[in-house]
1. Restricted to the stretch C:68-88, and to residues that are free of Cβ contacts under 8 Å to residues at least 12 places away in the same chain and of a type in the set (A, V, I, L, M, F, W, C), which residue is surrounded by the most Cβ atoms within 10 Å (Cβ to Cβ)?
2. Quick check: is even one residue across the stretch D:135-144 more than 7 Å from every other protein chain (Cβ to nearest Cβ), closer than 22 Å to F:ILE92 by Cβ and part of a strand (DSSP E or B)?
3. Which condition number in (1) touching a Ser or Thr at 6+ places or on another chain (Cβ under 6 Å); (2) modelled with pLDDT of 95 or more; (3) farther than 30 Å from G:THR69 by Cα is the one that F:GLU106 fails?
4. Contact list please: Cβ distance under 9 Å, first residue in the stretch C:89-105 and more than 7 Å from chain D (Cβ to nearest Cβ) and surrounded by fewer than 24 Cβ atoms within 10 Å (Cβ to Cβ), second residue assigned to a helix (DSSP H, G or I) and of a type outside the set (Asp, Glu), pairs at least six apart or on different chains.
5. Report, by residue number, each residue of the stretch A:72-91 that is small (Gly, Ala, Ser) and within 20 Å of B:MET137 (Cβ to Cβ).
6. Between a residue in the stretch G:118-129 that is free of Cβ contacts under 8 Å to residues at least 24 places away in the same chain and any residue that is assigned to a loop (DSSP other than H, G, I, E, B), which pairs come within a Cβ distance under 9 Å, given they are 6 or more apart or on different chains?
7. Residue by residue through the stretch J:116-134, note down the ones that are within 18 Å of J:ARG88 (Cβ to Cβ) and either of a type in the set (D, E, K, R) or in contact with a Cys (Cβ under 9 Å, 6 or more places away or on another chain) (or both).
Number of protein chains: 10
Amino acid sequence: MYTREALLEMVREAKLTRNLTWGEIAQHVGVPEIHCTSALLGQGTLQLHQAERALELLGLPAEAAHTLTVPPYRGGVSMPPTDPVLYRLYEIILVYGPAFKEILHEKFGDGIMSAIDFEMHVDREPDPRGDRVRVTMSGKYLPYRTF
Amino acid sequence: MYTREALLEMVREAKLTRNLTWGEIAQHVGVPEIHCTSALLGQGTLQLHQAERALELLGLPAEAAHTLTVPPYRGGVSMPPTDPVLYRLYEIILVYGPAFKEILHEKFGDGIMSAIDFEMHVDREPDPRGDRVRVTMSGKYLPYRTF
Amino acid sequence: MYTREALLEMVREAKLTRNLTWGEIAQHVGVPEIHCTSALLGQGTLQLHQAERALELLGLPAEAAHTLTVPPYRGGVSMPPTDPVLYRLYEIILVYGPAFKEILHEKFGDGIMSAIDFEMHVDREPDPRGDRVRVTMSGKYLPYRTF
Amino acid sequence: MYTREALLEMVREAKLTRNLTWGEIAQHVGVPEIHCTSALLGQGTLQLHQAERALELLGLPAEAAHTLTVPPYRGGVSMPPTDPVLYRLYEIILVYGPAFKEILHEKFGDGIMSAIDFEMHVDREPDPRGDRVRVTMSGKYLPYRTF
Amino acid sequence: MYTREALLEMVREAKLTRNLTWGEIAQHVGVPEIHCTSALLGQGTLQLHQAERALELLGLPAEAAHTLTVPPYRGGVSMPPTDPVLYRLYEIILVYGPAFKEILHEKFGDGIMSAIDFEMHVDREPDPRGDRVRVTMSGKYLPYRTF
Amino acid sequence: MYTREALLEMVREAKLTRNLTWGEIAQHVGVPEIHCTSALLGQGTLQLHQAERALELLGLPAEAAHTLTVPPYRGGVSMPPTDPVLYRLYEIILVYGPAFKEILHEKFGDGIMSAIDFEMHVDREPDPRGDRVRVTMSGKYLPYRTF
Amino acid sequence: MYTREALLEMVREAKLTRNLTWGEIAQHVGVPEIHCTSALLGQGTLQLHQAERALELLGLPAEAAHTLTVPPYRGGVSMPPTDPVLYRLYEIILVYGPAFKEILHEKFGDGIMSAIDFEMHVDREPDPRGDRVRVTMSGKYLPYRTF
Amino acid sequence: MYTREALLEMVREAKLTRNLTWGEIAQHVGVPEIHCTSALLGQGTLQLHQAERALELLGLPAEAAHTLTVPPYRGGVSMPPTDPVLYRLYEIILVYGPAFKEILHEKFGDGIMSAIDFEMHVDREPDPRGDRVRVTMSGKYLPYRTF
Amino acid sequence: MYTREALLEMVREAKLTRNLTWGEIAQHVGVPEIHCTSALLGQGTLQLHQAERALELLGLPAEAAHTLTVPPYRGGVSMPPTDPVLYRLYEIILVYGPAFKEILHEKFGDGIMSAIDFEMHVDREPDPRGDRVRVTMSGKYLPYRTF
Amino acid sequence: MYTREALLEMVREAKLTRNLTWGEIAQHVGVPEIHCTSALLGQGTLQLHQAERALELLGLPAEAAHTLTVPPYRGGVSMPPTDPVLYRLYEIILVYGPAFKEILHEKFGDGIMSAIDFEMHVDREPDPRGDRVRVTMSGKYLPYRTF
């Protein structure tokens, strides 16, 4: 039986020893990078066959796969984030949040963008003045119930 | 002389009276929706000619345009956000933040995505199982200084 | 043009003057009690014809109805709640939250109960040892996206 | 002598090894699912014979049963919850709390719903548009003392 | 129509002008001192005839009595209290709370002392070495539900 | 030499093994229940002969008695308390604190009830409608210095 | 009738108009500087004849004196203090607090220095290397109750 | 090589074993009580020869002296303090802080009392009505820079 | 008599009407930019003749000058700062603070950089790859007292 | 494989054993003092050849160098800082932050000073009245995006 903490530590070490990137693991597993990485950092789940493929690539025992299919207690960042990479996302809410809410309601009505039925990608966007980070999010629109 | 608070209140009222959307105002001004709306909510600045076009459409006095060009004290959301629309963005940091950091460093090195040299769009993505909210962010990659 | 704050104040006063209960207003409007009351407390929206019926019963001007259809900034309780009625709900999360999470995952898998596609009722349950408050919640199950 | 922490860890492991669900354990013990699970997560107590039945099913030593009858220091969620399953309950207080308070007072008077003389159930409600989570709570109404 | 805030302000002024003590008001109303005072500070309710007696003594309009029968949003102290009188009560929880919990469970079992079905008195206890404050609380014992 | 933490752990274990109640220990030591228990939970001190009697009853080494006479760093509850037993005391401050302050000043003048020269008792009060918890506190009145 | 807030505002204005120092007022009233000033800042009380002398010097109506004898809700600094003068006192607790506690117990036993039966003075101490601020505090030693 | 934590633990144990008071150690070292104690609690530094004298008295290895000369990360109290001894100092800031600031500025101008070039003493002041704790602080006055 | 708040508002308006920069005002007054601006934002003091020069340039009444010489309650930023300009300074403490402390002690010993006897400048540093902000701080080194 | 925590501990010990200063290490590595120290405290990265040079000087294994090139989770100070050295930097934001923002916008426009493309130096500035700490920061100016 493997606890999640022990398993995630083994994943991290195997990744370094085998010199694998999160991107390579994700491609092998067949799940988008952010989502596969998130699961292997303890913030999500993989399906059983996906977990087995990840462990196989990392040279870890197949019987540990079940642990990666169990829903974790999510929330891997203490707020406000002190790390600048994460803080900039937080700052985007502070600065663009009110406008985001207005535009979302204008285009959709009274509802939200789901963070559950949700997909996210991070890409490198070449730019002569300095490359850019492109983040794409797609979440299902969920309207508030009407009666 | 108009204080920003007074002016923003006038903008909000004029928008309702003239039955304008933030999208229409942004198109008239020639600035992306989120950015134009953000400025008119007190979280950013417009250039003088842009501010004048916005006020013209809203039927507000041109001499107020200067106020919209002055950098505000940013930060329009109290954290954690209680509104579900904004909270879902916050939750995305909690759940996908650690993976985002790993992938960003893997693709770019030791640095961040700028929230200053930054652009953001919100679009409606049709989907037969229910339309989706698509958020696109593009921020300049800023490497930590090396010596 | 009515601001939401002004309108909600007018609703509260009219309700007292006309000696109406939230339950009577909700029945007249045709929306479940908690949801109708929530909207009239500034935590939700009504559809236009519902808002008009509410205002008619309260003897308030029909042109104010539009204001009640605009999505508000939600979050009407400062946390932790100091009022005992609300604190008991908070305590239920503290005490039964971990078991709720386990059972929900056991019955549904890796996902959540929606608080958006959501309905809630409060009823009086007669009991010889002292009547009971019965709270019924029904939220759509939303599975985390799989790939 | 077993400390509660050690015992709960043993319960969790035995449950996995024997491939039992919380629901099966609860049924064997004869206590509602949420309440039995809550006790086995350290947030409540079982009566001695109930604790013995739970330990028997899990293959754990009977003399540990006493530990499960001792009132714990309750409060198993750090607030605000970062996990989306628990956060949605928290959001329900934020959004529907004020209306809940109004309706409760309207139907009962000046008092509260007890979180001590309290029962809670979670069920799967089939729905062609997607199954729903049904939560039912029943707490004794406690009036404030009058003189 | 009187808002609670306005009415409580009027009570406070009338009490000073007429040179009444909280104790005299409570005696006239026939409700224990702490409870009557608490209601007149906006932290509780009086029954209609009690409210009318209080207002009569204070020379305030009888039609305001209804306002004092409506359950308020309770919680009149920001925590931790900065005032030394209130802080000492808070310190008593810090220092004697753990022992209180142990003793209560030893004498009663798994349950709590109600703060709703609750009564409290403050008296002067003469003592040659310096008079003492005697606080007496009496709350109904509420056992956790068993199954 | 025994650290307080180690000693308190030994006390807790010996109490369970010898099947003693806090009440029995307190009676043997000759100190009120809450105060004796508080000291043995690390929130107070005993006099040397009292500590020796407590250790004797618990079958623990007499040379550890000195440790129980050293003033501890007090404060054994993290605030706000999540445990319902302790939270109800906290709620009593929230709801009855303002009235307590008014009545105390009315009966005593500008000063406080000491939490140092202080005594507290918890008793079971039989009541046909359900037994009650009776808490009695007695603290010396300390007037603010006058000049 | 004067509210405390209104009266304190009048005191502050009169002090400026009449060009008085807190020291001069305190001397006229016959109460140590810090204590007299504290009362006139709303953090303490004066005796009636002292309040009358203070108001007389400030040219304010004598009937306002009663207000200054009523115990206020104390606590005039939001913590941690942002002002450097007050922060340095806070820092002294952070740095010297643990040693203060050890020495106090070594010299007195298990008890505290009262902040109620307490006196404080601030003086200028000439020093060739730069004058010094001398703060003297004297608080009654209060031993914890023994049994 | 000794880490500070390990060394401070050794100091504490040796002090108990050798039955020394902080006052005796300070006198042997030749540094005021509070300052010597503070350094030996990890909140300050000693000069090398002072550290050697302290270790010699405590029977600890001389080569550990260097560790006590290294500036620590100061701040040994979590705020607000829960221990009553320390809380009373905190309360003094809450209640007398505003007056302290006024008097300091009146006597010195725009500046502060240094907490760095600072000395503090705690003494027992005999008093027939009960001995008193006398705290004397002396900090250099630092004026804000003028231009 | 001018309150500081009223005066600072008048300063801000006059600055806009007369189209002055903080830099021009500082130069006229003869005080470094940051320090003069800070005083006119209510975070510091000017000497009387400096205050008079500032008011003269702004066309404000000379008798208001006294108000600008009174030490304010400092602390004009709520922490953590939400505005990106100020947050970056905060982030510099988070990231470079520990190294700053090590280097400062290495170069100076056990002491601090004063924030009172302190000067600060902000300049534009031309750079072909994009101009830079140069911040220069100079604070007196204050050693901890030795004995 | 070395975890960062283990490696940083080894660095700290080796630095003491070999009697090296952070300044000497930085000079050997060829990176500014604050930046080299920051990386060796776990708040930044070195390039591979720089890490190797640092480890060589410290007598640590070269294969650990890779660990120092991996971006860490930054944020090494808990806020507000309790250590006086770090608190003074925090106080500088509280007091001079608002003026800094005004001057920066006046000299540059709507943008920020980067904390990423950033350099910082700490020097000893001799002064007959007492040496001073000189801190120099240089961060790239980043304008908000315009459209």
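1. The residue in question is C:LEU86.
2. At the first step, the residues of the stretch D:135-144 found to be more than 7 Å from every other protein chain (Cβ to nearest Cβ) are D:143.
So of that shortlist, the ones also closer than 22 Å to F:ILE92 by Cβ come out as D:143.
Pick out the ones that are also part of a strand (DSSP E or B) and you get D:143.
Yes, the stretch D:135-144 contains at least one residue that is more than 7 Å from every other protein chain (Cβ to nearest Cβ), closer than 22 Å to F:ILE92 by Cβ and part of a strand (DSSP E or B).
3. (3)
4. C:HIS105/D:VAL85
5. Of the residues in the stretch A:72-91, the ones small (Gly, Ala, Ser) are A:75-76, A:78.
Result: no residue meets the conditions.
6. Pairs that qualify, where the first residue is free of Cβ contacts under 8 Å to residues at least 24 places away in the same chain and the partner is assigned to a loop (DSSP other than H, G, I, E, B), are G:PHE118/F:TYR144; G:PHE118/F:ARG145; G:ARG124/G:ASP131; G:GLU125/G:ASP131.
7. Quick first cut of the stretch J:116-134, residues within 18 Å of J:ARG88 (Cβ to Cβ) only: J:120-125, J:127, J:130-134.
Within the stretch J:116-134, J:ASP123, J:ARG124, J:GLU125, J:ASP127, J:ASP131, J:ARG132, J:ARG134 meet the criteria.
Yes/no matrix, rows are residues, columns are (1) under 13 Å from the mean Cα position of the chain (by Cα); (2) at pLDDT 95 or above; (3) hydrophobic (A, V, I, L, M, F, W, C):
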position: I:CYS36; (1), (2), (3): yes, yes, yes
position: I:GLY42; (1), (2), (3): yes, yes, no
position: I:GLY76; (1), (2), (3): yes, no, no
position: I:ARG88; (1), (2), (3): no, yes, no
position: I:LEU94; (1), (2), (3): no, yes, yes
position: I:ASP110; (1), (2), (3): no, yes, no
position: I:ASP117; (1), (2), (3): yes, yes, no
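The values are calculated or read from the model by the stated rules, or taken from the named source; none is laboratory data. None of these values were measured; they are calculated from a predicted model. With ideal geometry, Cβ positions are generated from the backbone for all residues, glycine too; neighbour counts draw on all protein chains shown.
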